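Take a look at the structure set out below.
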Amino acid sequence: MKQYSIYSLLVILFFSALTLSACRDSADQPYTRAEEEILSQNLRLPLEPFVYPTSVQAMFFPEDGGSTGNLQQIALGRVLFYETSLSADGTISCASCHHQELAFSDNVAFSEGVHGNLTDRNSFPLGSFPTIMGVYNNNGEVGVPGDSLNPSARGVFWDERAADLFEQMQETFENPKEMGIDVRTIPDRLEGLDYYPILFERAYGDGNGKITPVKTMEALQAFMQTFVNISSRYDHALGIAIREGQDLLGDFSGLSPEENQGKRLFRANCASCHMVTLNFLHHETLGSGKATACNGLDQTYTDKGVGQHSGNPELDGVFKIPALRNIAVTAPYMHDGRFGTLEEVIHHYNEGIQAHANLDPFLKDEQGEPKRLNLSQEEIDALLAFLNTLTNEDLLTHEKWADPFL
């Protein structure tokens, strides 16, 4: 009964967020005619900035704020996200490895960075809540490294080597295989582009449109924070269940019989690491920030994950557990992109888990051996049908998240 009460509270709080929208402040004013002329030569931006979904972070982490920032800051972040001038050879942007239509993931195992280099790991999908969240200070404003962090943002990258999103962005900018620039050169790279003084001034209102590395990363973070999936078929079915007083642990009237069967199978077999709450993340993520596991991909890992950067052999083969929202569009899967389809992923858990020394306890049976789900093909199909209900088409297609360059 206690579990049901907690779950009900989470989903009710979640759906109350659907009625919210981002706040406007004094910076969110229409562009002047002169500004419009400059911006329109390079960018396709609305006269008034788009309004984005409000984060529900404050409902679970009130001490960290939860503001999405002003809309002009988000608009600036959107432009920066697609800006190739922020790379060493002028060809790579954040969006080069994180495509909107793929829930801000990539469709290859290893993405191409500057000078034709390939990344060491599969691009982590950004289009799920709250995988990407803001770093806030105690006033609820976007902060800088060292400020209090949202637990879900701690431990960024597959191996959690970055403490927060600022550290993650700096490493991505400076990685010679990815964007390959010194973050200190960001102002020089942007100041020669006449639209950035306008966008920075509107976002920060400091009187001169000064461009700095910290402002750049703050704006990028503000935009990425809007990658919120709260409008999937699952969410709509959950909303119906709440309004009609249905058993939230049972079948939903808004899902098909096959999807409900998949939901039951998911709860029975997958929820230990992907709890059925907001983001289908590890059950400890909301409380402690822990979101890693060894899932037995190999007996011996060439890429040792958390163990590789920590030097702790007890963490060899341990990687960050990804959120599952939009999971149907983020293939290939795993840190090395080894699985091309979701069905291959399910088959791994069905019969392929390896007996690695650090295998997560949830993936062991009573004898300490790797679990075998032993699902039939009908059950696999049902599980796939349920996972497909987690896709938010609006996030994948709406102009507010699309490339603004002409």
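Some points to look at:
- The one condition in (1) modelled with pLDDT of 90 or more; (2) more than 14 Å from the chain's Cα centre (by Cα) that THR330 fails to fulfil: (2)
- If the condition is being open to solvent by less than 50 Å² (accessible area, probe 1.4 Å) and under 18 Å from LEU324 (Cβ atoms), then the stretch 362-378 contributes LEU363, LEU373, LEU375.
- Scanning the stretch 251-268 turns up one or more residues that are among the hydroxyl-bearing types (Ser, Thr, Tyr), open to solvent by 10 Å² or more (accessible area, probe 1.4 Å) and at negative phi.
- Pick from the stretch 33-45, criterion free of Cβ contacts under 8 Å to residues at least 12 places away in the same chain and charged (D, E, K, R), ranking: least open to solvent (accessible area, probe 1.4 Å): GLU36
- Members of the stretch 89-112 found to be farther than 26 Å from ASP394 by Cβ and surrounded by fewer than 19 Cβ atoms within 10 Å (Cβ to Cβ), listed by number: ASP89, GLY90, THR91, PHE110, GLU112
- The listed residue being over 25 Å from the mean Cα position of the chain (by Cα), touching a residue at least 60 places away in the same chain (Cβ under 8 Å), closer than 19 Å to MET275 by Cα and part of a loop (DSSP other than H, G, I, E, B), out of LEU390, LEU373: LEU373
- The residue that is most open to solvent (accessible area, probe 1.4 Å), counting only those in the stretch 172-196 that are over 18 Å from CYS97 (Cβ atoms), assigned to a helix (DSSP H, G or I) and in contact (Cβ under 8 Å) with a residue 12 or more places away in the chain, is ARG184.
- If you filter the stretch 379-406 down to residues that are among the polar types (S, T, N, Q) and surrounded by fewer than 19 Cβ atoms within 10 Å (Cβ to Cβ), you find that the one that is farthest from TYR195 (Cα to Cα) is ASN388.
- Complete set of residues in the stretch 218-240 that are within 21 Å of LEU86 (Cα to Cα) and open to solvent by 10 Å² or more (accessible area, probe 1.4 Å): GLU218, MET224
- Selection count where residues are open to solvent by 30 Å² or more (accessible area, probe 1.4 Å), of a type outside the set (Phe, Trp, Tyr) and at pLDDT 90 or above, scope the stretch 197-211: 4
- Entry remark, the stretch 347-361: residues being open to solvent by less than 40 Å² (accessible area, probe 1.4 Å) and assigned to a loop (DSSP other than H, G, I, E, B) number 5 in total.
- The one condition in (1) open to solvent by 40 Å² or more (accessible area, probe 1.4 Å); (2) in contact with a Pro (Cβ under 9 Å, 6 or more places away or on another chain); (3) modelled with pLDDT under 95; (4) farther than 23 Å from GLY209 by Cβ that GLU48 fails to fulfil: (4)
- Considering the stretch 307-339, the residues that are assigned to a loop (DSSP other than H, G, I, E, B) and open to solvent by 40 Å² or more (accessible area, probe 1.4 Å) include one that is nearest to LEU383 (Cα to Cα), namely ARG338.
The values are calculated or read from the model by the stated rules, or taken from the named source; none is laboratory data. Just so it is clear, the model here is predicted, and its values are computed rather than measured. Here Cβ is always computed from backbone atoms with ideal geometry, including for glycine, and neighbour counts include all displayed protein chains. What goes into the accessible areas is simple: the full protein's heavy atoms, side chains included, and nothing from ligands, DNA or RNA. Shrake-Rupley method; radii C 1.70, N 1.55, O 1.52, S 1.80 Å.
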